[in-house]
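Input: a single structure, listed below in structure tokens.
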Amino acid sequence: MSTNGPLQRKLRMALVGGGQGAFIGRVHATAAVLDNRATLVAGALSSDPARAKASAPDYDIPAARAYGSYAELLAGELKLPAEERIDFVTVATPNYTHFEIAKAALQAGFNVICDKPMTFDLKQAEELGKIVDESGCVMAVSHNYTGYPLVRQARQMILSGELGEINAVRACYMQGWLRTRLEKDEHKQAAWRTDPSKSGAAGAFGDIGTHAYNLARYMSGLKSESISCHLKIFESGRKLDDYGQAIIRFENGAVGSVTASQISHGRENDLSIEIDGTKGSLQWRQEEPNHMIVRRNGHPHAIYTRDPNAPYTNDAGKAACRLPSGHPEAFFEAFANIYRAAYDNMALRATGQKFDAKNTVYPNVNDGVEGMLFIQQCVASSAADGAWLPMKHPRVR
């Protein structure tokens, strides 16, 4: 059995959300156990108690720990002996429920891994940050694209100065699945994502624009200073944006851009990023995650492949790999890398040791706060005809 360093046992997981008909809950459950460092033992898999319990066999959750609600789950687990109860809760539910579930879990003393966006609005995110500080719990946010080996490879290359000073960052996230009003046909995923009461103040920019922005920040290491944004609803009658563009001024003088679309024909899950530095540039696409192009004037274009044994692969890239070159690693493995990094801190906490909750390889609560600031300022800027608004926050490292 794989162990968690000083803990010498598997971590025990509870899943909230992910019931029948869900997508991301199954991804979380798969990624969480990929490295054999955790086991899924409990769940509240739906807001409907009957469906929650009916979904439990799909995850091999025993009936005694298949709860009808997250409140019932937390109360039930706290009644168990310490050596049996869960170590962490994964929140894989629509945006508007994240805060109340994560808050209750943290206050009960459980670590949390939460889907993005982290909360419904910035006020909730800031409060959750304070609760994390007070509880001493581990809090990770599943900006899963930061887990790809070549993303981490690029991040270390940039932070070590291989590309020189960063001048420009262009992040795009293009989809086409909401080209028509699927929400009118009771499409589950479309319905809540286009509903302001469930998704929050933004549509496409909250759902996928936050991923593009987080990736730009994570890879470049740049801190944002201000932002100007224009959001658009192209499908008549829709209540939230389905397309948008933002321009970012970074503190070092660099310029960034984020484009997010859910109405571009033929685009599936096309997240891409280009970063320009004074010594070189790089380009990476999520749909082809095992290749990265690095360009330098006067030199042939270099194609970096995901290869843990190659001399050009740095420590961060190697640490994120599980397979030899030529064996594709992708979405599940990237998700699992978020879990794996969070487990390191969970194991330290469980054995009474100190851990750094701020400078983490995985996206933490501070990244979640910044994501909500990004949404808030983009919506406000767009409403003010692209006005420049500040992007600094005390919690951003």
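The values are calculated or read from the model by the stated rules, or taken from the named source; none is laboratory data. Predicted model only: the values in this text are computed from it and were never measured. Positions of Cβ are backbone-derived with ideal geometry, glycine not excepted, and every protein chain shown enters the neighbour counts.
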Per the filter on the stretch 269-287, residues out of contact with any His (no Cβ under 7 Å at 6 or more places or on another chain), surrounded by 14 or more Cβ atoms within 10 Å (Cβ to Cβ) and not polar (S, T, N, Q) are Asp270, Ile273, Glu274, Ile275, Asp276, Gly277, Gly280, Leu282, Trp284, Arg285
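When you check Gly237 against the structure, is it under 24 Å from Pro289 (Cα atoms) and in contact with a Lys or Arg (Cβ under 9 Å, 6 or more places away or on another chain), yes or no?
Numbers: under 24 Å from Pro289 (Cα atoms): no; in contact with a Lys or Arg (Cβ under 9 Å, 6 or more places away or on another chain): yes.
In short, no.
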In the set Leu128, Leu150, Leu159, the lone residue that is more than 20 Å from the chain's Cα centre (by Cα) and of a type in the set (A, V, I, L, M) is Leu159
Only unsatisfied item for Asp185, checking (1) surrounded by fewer than 24 Cβ atoms within 10 Å (Cβ to Cβ); (2) closer than 21 Å to Gly368 by Cβ; (3) of a type in the set (Asp, Glu); (4) assigned by TED's automatic domain parsing to the domain that holds Ile247, is (2)
What about Val396, is it outside any helix (DSSP H, G or I) and surrounded by 15 or more Cβ atoms within 10 Å (Cβ to Cβ)?
no
**Request:** May I ask you to verify whether Glu370 is among the charged types (D, E, K, R), crowded, with 19+ Cβ neighbours inside 10 Å and closer than 22 Å to Pro308 by Cα?
**Result:** no
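Scan the stretch 371-393 for residues that are of a type outside the set (Asp, Glu) and not in a helix (DSSP H, G or I) and jot them down.
Filtering the stretch 371-393 down to residues of a type outside the set (Asp, Glu) leaves 371-384, 386-393.
Listed by number, the residues that qualify are Ala384, Gly386, Ala387, Trp388, Leu389, Pro390, Met391, Lys392, His393.
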The strands (runs of 3 or more DSSP E) lying entirely within the stretch 256-307 that contain at least 1 residues which are aromatic (Phe, Trp, Tyr) and either within 29 Å of Gly206 (Cβ to Cβ) or in the same structural domain as Cys229 (by TED's automatic domain parsing) (or both) are 281-285, 302-305
When every residue in the stretch 79-94 that is buried (at least 24 other Cβ atoms within 10 Å of the Cβ) and either of a type in the set (S, T, N, Q) or free of Cβ contacts under 8 Å to residues at least 12 places away in the same chain (or both) is compared, the one nearest to Asp195 (Cα to Cα) is Thr93
- Query: Can we say Arg249 is over 18 Å from Met174 (Cα atoms), more than 18 Å from the chain's Cα centre (by Cα) and assigned to a strand (DSSP E or B)?
  - Reply: yes
Inside the stretch 68-78, the number of residues satisfying the requirement of being closer than 17 Å to Glu100 by Cα and either crowded, with 16+ Cβ neighbours inside 10 Å or touching a residue at least 12 places away in the same chain (Cβ under 8 Å) (or both) is 7
Going through the stretch 340-384 in order, the residues found to be without any contact (Cβ under 8 Å) to a residue 24 or more places away in the chain and over 16 Å from Cys137 (Cβ atoms) are Ala380, Ala383, Ala384
If we keep only residues of the stretch 319-328 that are assigned to a loop (DSSP other than H, G, I, E, B) and either closer than 17 Å to Ser160 by Cα or modelled with pLDDT of 95 or more (or both), then the residue nearest to the chain's Cα centre (by Cα) is Ala320
Restricted to the stretch 218-255 and to residues being acidic (Asp, Glu) and out of contact with any strand residue (DSSP E or B) (no Cβ under 6 Å at 6 or more places or on another chain), the residue surrounded by the most Cβ atoms within 10 Å (Cβ to Cβ) is Asp242
Those residues of the stretch 353-384 that are in contact with a strand residue (DSSP E or B) (Cβ under 8 Å, 6 or more places away or on another chain) and farther than 26 Å from Tyr148 by Cα come to a total of 6
Among helices (runs of 4 or more DSSP H) entirely inside the stretch 150-237, those with 3 or more residues being more than 23 Å from Arg306 (Cβ to Cβ) are 188-193, 196-199
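Taking the options Ala310, Ala316, name whichever one is outside the structural domain of Ile24 (by TED's automatic domain parsing), within 22 Å of the chain's Cα centre (by Cα) and surrounded by fewer than 21 Cβ atoms within 10 Å (Cβ to Cβ). Break it down stepwise before answering.
Working: Ala310 fails: within 22 Å of the chain's Cα centre (by Cα).
Unique residue meeting the criteria: Ala316.
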